[in-house]
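The values are calculated or read from the model by the stated rules, or taken from the named source; none is laboratory data. Everything quoted here is computed from the prediction, not taken from an experiment. Cβ sites come from the backbone with ideal geometry, for glycine too, and all protein chains shown count toward neighbours.
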């Protein structure tokens, strides 16, 4: 695991769109995600799992939008986990620390 956005709420589902997930740019930055990066989505409400890619969403908007066929895998209000993976050597992996983001109920960054 390279990074994870843990327990964000789906704010939109747009079936008639090229497939992907739109993520608030603040959340992307905090998790170290880049546009077009592959991510795995796990839906806590229904157990669905899917793989798609990231589209940059409006900064500060809290948007989490499943697009295209992915929109069939979640409903607005569902809680999902977004996970990105990376390849590391055994040596790199032994010291690597993933970025894990725990947003609030409005999908905003929690400043500690």
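The residues of segment 2-35 that are in a loop (DSSP other than H, G, I, E, B), touching a residue at least 60 places away in the same chain (Cβ under 8 Å) and surrounded by fewer than 21 Cβ atoms within 10 Å (Cβ to Cβ), listed by number, are 2, 11, 32. The residues of segment 36-46 that are assigned to a loop (DSSP other than H, G, I, E, B), in contact with a strand residue (DSSP E or B) (Cβ under 7 Å, 6 or more places away or on another chain) and in contact (Cβ under 8 Å) with a residue 24 or more places away in the chain, listed by number, are 37, 44, 45.
Taking every residue in segment 47-63 that is on the phi > 0 side of the Ramachandran plot and buried (at least 18 other Cβ atoms within 10 Å of the Cβ) and pairing it with any residue that is in a strand (DSSP E or B) and modelled with pLDDT of 95 or more, at least 6 positions away or on another chain, the pairs with Cβ-Cβ distances below 6 Å are 62/24.
Residue check: residue 74 meets all listed conditions (1) over 13 Å from residue 21 (Cα atoms); (2) touching a residue at least 60 places away in the same chain (Cβ under 8 Å); (3) surrounded by 16 or more Cβ atoms within 10 Å (Cβ to Cβ) but one, namely (1). Any residue at all in segment 65-74 that is within 12 Å of the chain's Cα centre (by Cα), at pLDDT 95 or above and on the phi < 0 side of the Ramachandran plot? Yes: segment 65-74 contains one or more residues that are within 12 Å of the chain's Cα centre (by Cα), at pLDDT 95 or above and on the phi < 0 side of the Ramachandran plot.
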